[in-house]
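Step one of this worksheet: look at the structure below.
Every number in this text was worked out from the coordinates using simple rules, so none of it is lab data. All figures in this text were calculated on a predicted structure; none of them were measured in a lab. As a convention, Cβ positions derive from the backbone with ideal geometry for all residues, glycine included, and neighbour counts pool all protein chains shown.
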Amino acid sequence: MPSEQWTHPEPGDGPAAVSAQPSPEQVIAGLRATSEGGAELTQLLTPEGERIPSPQFDKYVADVDEEMLKNLYRDMVLVRRADREANAMQRQGQLGIWVPLLGQEAAQIGSGRALEQRDMAFPSYREHGVAYARGVDMRDLLGIFRCTDHSGWDYKAHGFHPYTIVIGNQVLNAAGYAMGQKFEGKVGDDDGEATICYFGDGATSQGDVHEGFVWAAVYDAPLVFFCQNNQWAISEPTERQSRLPLYQRARGYGFPGIRVDGNDVLACLAVTRWALEECRHGNGPVLIEAFTYRMDAHTTTDDPSRYRLSDELEEWKLKDPIERVRAYLARGGGADHGFFDQVQAEADQFAAELREYTFNMPEPPPERIFANVYAEPSPVLDAQREEFLSYLDGFATAGEH
């Protein structure tokens, strides 16, 4: 049996590996596939910053001129700087927890910038870059991780749903929302609506994700499933999640799947635009597997050195999503040191503002936990709030007796 079949068997190549434990050869094949992304990887910018023409996807980035690419670079730099600042603040006790996105900036900015204002995005809990692309104030994200708020933005105005902590649950929510778009006749032309749903490779082992696939498929929902395959479901590698590349799972549900270089912001923008166009015209759903790598811990409670090798991390540093755009701009003369220094200064100022806000973030009043629970007034909830506030008042007046 060819060892390659453990990680990416193709139709006609024979059966997949059936042993419960992969052989050493199969493990090596899996690591090789992890580092290369496979033959089906869609890429427009190499890690060295060289442009690769694509007959299929070039038209979806025909409007990306030098200025727009510089803006995409700026987006990724600012988002990474904010992520690193939040990570540091958690270590200093200012945030309860943080979920790093380091290494996934291209997947998030590329896909986020592909969305139209009328579209809706359903995130998990790592999509800080998508939130930024959708115009969400990053300070509102920090309230979640400081445990002072549920989510402080208007999700309808921004087209960006609140974060979902339960693994894969947002896929069902997104499927229902997209089905509603279909039922209300909001698809079928260039002005149609679409929904995008973000989840990780580990979530593909959850039943909610597969149920979402089924419902979206049978109702032709205008839904782009965007899987950020960062290679690790906390401490479990992708090879322990699936015998097939994740994008090929779409085949079993009857809709197209595609693997894109998740460290290539141009490819992520193009592929997501294509997928959204398919959905807007009633040809959805579509599964995108953004093949990337989580450069930091799963969360700040995780220690990745316990389950992965430093050599793997060093290899992926060479594929840094920001550096390849920097190399492309510098090679073509589109940007000089002055531009790069200016963007870094903007990023440092952005981080300083987030830090100042976090350190001075007001504590919410106790009754805040009862706000925005239901869309309409609830007598039961009102009674619970009054009982709770009365209970707290008892502590304030206890010393008077």
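Observations on the model:
- Neighbour-count ranking [beta-carbon atoms within 10 angstrom, fewest first] of V380, V214, V265, V209: V380, V214, V209, V265
- Relative exposure of M361, M295, judged by other C-beta atoms within 10 Å (fewest first): M361, M295
- Under the Debye formula (equal points on every Cα, no solvent term), log10 I(q)/I(0) of the chain at q = 0.06, 0.12 Å⁻¹: -0.26, -0.99
- Sites F370 and V166 - FRET efficiency at Förster radius 25 Å, r taken between beta-carbons, to 0.05: 0.70
- Shape category assigned to segment 148-215 from the gyration tensor of Cα positions, a/c cut at 1.5: oblate
- Separation of the N283 and D311 label points, Cα + 7 Å toward Cβ, nm: 4.3 nm
- Pairwise FRET efficiency - R84 versus D154, Cβ, R0 = 22 Å, nearest 0.05: 0.20
- Segment 62-112 and segment 168-217: distance between their alpha carbon centers, rounded to Å: 25 Å
- Along its first, second and third principal axes, ordered by size, segment 222-269 spans 31, 28, 15 Å in Cα coordinates.
- Label point distance in nm, Q92-R243, each placed 7 Å from Cα along Cα→Cβ: 5.1 nm
- Charge tally for R331 (other residues, Cβ to Cβ under 13 Å; Lys, Arg +1; Asp, Glu -1): -2.
- Kyte-Doolittle mean at least 0.0, axial Cα span of 20 Å or more - DSSP H helices of the chain: 265-280
- Under 10 Å, Cβ to Cβ, from E289 - net charge with Lys/Arg +1 and Asp/Glu -1: 0
- The residues R306, R134, when put in order of fewest to most other Cβ atoms within 10 Å, stand as R306, R134.
- Placing dummy labels 7 Å off each Cα toward the beta-carbon, the span from K59 to A352 is 4.8 nm.
- Computed extension length for D190-A345: 51.9 nm, one decimal, from 0.36 nm per residue of separation with the Cα-Cα distance subtracted.
- Counted charge near R118, where neighbours are those whose Cβ lies closer than 14 Å (Asp, Glu -1; Lys, Arg +1): -4
- Sites S390 and M361, calculated FRET efficiency, Cβ-Cβ separation with R0 25 Å, nearest 0.05: 0.35
- MRE, 222 nm, helices only [DSSP H, n ≥ 4, -39500 (n - 2.57), over the chain, to nearest 500]: -13500 deg cm²/dmol
- Taking 0.36 nm per residue of separation and subtracting the current Cα-Cα distance, fully stretching the chain between I234 and R331 would add 31.2 nm.
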